[in-house]
1. Projected area of the range 626-705, taken from the Cα convex hull and averaged over every viewing direction, in nm²?
2. For the range 204-292, just run the numbers: alpha carbon Rg, then divide by 2.2 N^0.38 Å, N being how many residues it has.
3. When you count, for each residue, the other Cβ atoms within 10 Å and take the mean per peptide, how do 770-776, 577-583 rank with the highest first?
4. Quick one: 3J(HN,Hα) in Hz for the range 474-485, Karplus 6.51/-1.76/1.60 with θ = phi - 60°, rounded, Gly and Pro as x.
5. Sequence neighbours fewer than 8 away in the same chain don't count; with that in mind, list the aspartates and glutamates whose C-alpha is under 16 Å from Lys234.
6. How far is it, in nm, from the label point at Asp672 to the one at Asp513 when both lie 7 Å from their Cα along the line to the Cβ?
7. Using modelled amide H (1.01 Å from N, peptide plane; none on Pro or chain starts), what sits under 5 Å from the amide H of Arg553, excluding residues fewer than 5 places away?
8. When the accessible area of the range 433-558 is computed with all protein chains present and a 1.4 Å probe, what percentage of it is carbon and sulfur?
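The values are calculated or read from the model by the stated rules, or taken from the named source; none is laboratory data. These figures come from a predicted structure and were not determined experimentally. Positions of Cβ are generated from backbone atoms using ideal geometry, with glycine treated the same way; all protein chains shown enter the neighbour counts. Please note that ligands, DNA and RNA were not included when accessible areas were found on the heavy atoms of the full protein model with its side chains. Shrake-Rupley method; radii C 1.70, N 1.55, O 1.52, S 1.80 Å.
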Amino acid sequence: MQPLLQDLRYGLRILWKSPGFTAVAVLTLALGIGANTAIFSIVNGVLLRPLPFANPGQLISIGGFDTRRAPAIPNQAVSYPDFADVRARNHSFTDVAAYLDNEYTLTGAGPSLHVNAEFVSASLFHLLGIQPVLGRGFLASEDEPGHLVAALSDEFWRRHFNGDTTVVGRPVNLNGRTYTIIGVMPAGFQFPVRTQARDIWLTFSRLAMTDDPKDTPMTAQRGNESLRVVARLKPGVALDQANADLSSIARALAAEYNSHAGLGARYHLEDLVGDTRTPLLVLFGAVGLVLLIACANVANLLLARASGRGREIAIRAALGASRGRVIRQLVAESLALSLAGAVVGIAAASSTLTAILNLYPSNLPRAQEVNIDSRVMLFTVGLAIATGIIFGLAPAMQVSKPNLSEAMREGGRSGTASRGHNRLRSGLVVAQTALGVTLLIGAGLLIRSFNRLSHADLGFNPAHVLTASFDLSETRYNPDQQDRFVQELFNRIRALPGVTAAAGAIPLPLNDDHFVISFNLLDHPVPEANEPSSGFYDVAPGFFETMQIPLVRGRTFDGRDQRNSAPVMIVTQEFARKYFPNEDPIGKRVKIGAGDGVARASYKTREIVGVVGDIRNSDLVKPAAAAYYVPLPQLMWGPPTLTIRTQGDPNNITGEIRKILASMDPDAPLYDVRTMEDYLALDLGRARFQSVLLGLFAGIALLLTAVGLYGVMSFTVVQRTSEIGIRMALGANKKDVLRMILARSFSMTGLGLLVGILGAFALTRLLSSLLYEVGPADPLTFVAVALILGTVSLLASYVPAWRAAKVDPMVALRYE
């Protein structure tokens with residue numbers, strides 16, 4: 001250790017004497033190391049850090065999939081009866097719990113307040129190994145009807161109840177119903193682990209109750225697949241065994257209930273990060289390439305610098321220093337450079353991490369856990385050490401075996417400007433060019449894909465549309481009263497200046513909520529077990545006009561479609577093509593939600609009165625799927641999300657809508673106010689994040705490649721000054737010299753381009769899942785990258801070549 005410290009101290013003194021070289025090398029390395037630190041901190045926080053629960057590696061997510069379709073990763077929701085059967089019949093889990101997002105309005109304690117709630121089965125907290133800091137957890141009996149209890153988050157308890165330790169046992173009013181507070185959860189606890197924190201947790205007791213005797217409670221609807229399920233593996237049980245167990249349960253349920261739902265599991269962390277994993281790993285690989293390019297640049301700088309240290313190394317060798325001792329000293333200097341680059345890189349990563357995260361939309365999983373912690377610091381230090389060895393060892397091996405007779409000559413150069421050095425420098429330029437080409441092609445593909453995606457046909461016009469949500473008391477408003485309230489609200493909003501249309505929907509297009517409900521075609525029915533299912537929307541009259549969804553055939557919903565009028569529905573073009581090929585769907589009758597218990601019996605059979613254009617939901621990469629609509633007055637599930645089209649900026653009417661709603665019901669606050677373009681930006685966010693960052697890294701790589709090429713060509717001109725003088729003395733003109741230098745440059749970049757393109761053909765296959773309407777071998781992207789690289793190569797080489805062409809032959813001949 002002591003000799004290494006001595007070498008480091010000596011290396012620092014040597015570097016201090018060359019401030020220009022040291023600054024360029026440190027900044028070059030800081031770019032690569034800083035980018036790696038920033039991206040690794042995101043990868044660590046999102047993908048690698050264990051979940052903050054007991055034994056998180058045993059937590060799995062259970063989901064359903066349709067056995068009539070190709071099996072997919074089981075990340076779909078399941079019904080409450082299926083969840084209950086899995087909990088009762090499995091042999092693989094110590095416990096199973098379910099959860100479901102919801103929104104509530106808290107009243108009776110000051111101004112009404114919107115809260116983010118989570119329905120959870122009573123066993124959830126025990127499964128996670130979490131205990132309340134005040135009060136108790138849920139009891140198993142509290143999943144049954146009539147047990148309305150609530151647990152508060154620490155942050156909500158402190159914010160709304162001022163941290164009052166006597167809060168346990170108090171009543172709290174949510175949507176007009178009284179719940180009893182039974183506990184306060186620990187600080188920092190959140191479940192589900194998402195960007196939007198939960199304020200309050202409730203049991204499934206409320207969902208086991210109905211206000212209308214004709215309705216089926218959600219906990220009895222086997223076809224209502226809306227729950228997420230988490231379980232804990234028994235010790236010694238592998239995921240494959242759990243999946244086999246779930247498959248057996250699914251087969252038994254299919255036989256008993258004529259269902260077509262399959263069951264499967266994956267680790268909960270994988271389910272949580274979902275499609276985020278691949279983009280982050282691609283970016284992590286990209287910054288690794290940037291660092292390799294930076295290493296190649298610094299290695300070339302070291303080789304160029306070594307040409308001036310030939311006599312020093314030769315003297316040390318003549319005085320008895322072994323080659324290994326010289327190599328160790330030179331590598332120590334490289335380590336000093338890389339550690340200095342790491343310090344600057346960490347500072348840069350710390351200052352830019354927030355900006356990088358802001359490029360991603362607000363739905364990045366576990367974003368709050370991203371920071372530069374001890375694991376990130378250890379990664380950066382290890383990376384700096386590896387980097388110092390990588391870029392320092394090859395130059396050290398080259399310059400550690402000098403030609404003593406040449407090096408000891410006063411002014412001698414050939415000892416350090418050997419063919420081996422030249423080959424290494426050229427090879428480094430070829431390597432960094434190839435890596436840069438691969439990055440540029442990957443970035444080009446993602447940028448083209450993002451451009452295509454951002455111009456994809458949504459099927460509706462999101463411009464100038466404001467959306468907002470509100471709740472109504474469950475005890476003060478029955479479905480008829482909700483219907484009247486909503487219609488009156490629409491009428492008042494439509495009367496506002498600048499409003500051209502207003503309606504509402506459950507769910508909202510581009511939202512993460514998806515309703516899929518089965519149906520049966522009465523003209524050619526199928527057995528219940530084989531019933532198809534499709535996207536479902538419950539919309540108010542005027543919705544299609546507000547969203548500017550085109551009417552293809554028939555009519556849209558209007559004043560004829562009231563609560564007690566004939567049940568009707570509207571289908572999309574894809575629905576009509578899929579289920580009524582070569583037929584006119586108008587007038588056909590469809591039975592909705594058979595066996596699901598999700599719709600009132602008197603409204604299950606509906607007549608198709610219109611066909612509208614297809615629309616896309618939150619996954620813009622996928623084509624528009626079949627879907628159907630029913631009129632909100634005929635199926636009043638609750639207040640819809642408002643959709644309001646305006647002539648100007650839709651945000652300008654937010655205040656007026658709040659006033660209207662407050663005048664109609666002071667206990668119904670407006671919340672989640674955003675434009676449809678905000679939803680679109682959220683859906684485009686991941687594609688924007690990966691294309692912007694990869695484009696930025698590719699730009700850095702291109703800059704480093706240009707700098708490296710410029711440095712090598714400048715050194716080549718200096719090295720070949722005598723040769724150039726001889727050529728010019730023998731009759732070569734400036735154009736000949738210019739052509740000779742540029743040919744040398746293009747030979748290196750051409751080889752790098754060829755290697756990079758071959759590598760890109762292999763590596764861009766990894767991007768296939770991230771691309772939209774752009775192939776991984778897109779010829780336009782490859783040609784564009786070749787042209788960009790050729791232009792940069794020309795610019796980087798022209799100045800050294802121009803200097804060479806201006807050499808005075810007499811001066812050049814005296815150069816040695």
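1. If I average the Cα hull's projected area over directions, I get 9.9 nm².
2. With N residues counted in the range 204-292, Rg over 2.2 N^0.38 Å equals 1.65.
3. Ranking, from highest mean packing down: 770-776, 577-583.
4. 6, 8, 8, 10, 8, x, 5, 5, 4, 4, 5, 4
5. Asp95, Asp245
6. Going from the Asp672 label point to the Asp513 one covers 0.5 nm.
7. Answer set, sorted by chain and number: Val611.
8. Roughly 51 percent, rounded to a whole number.
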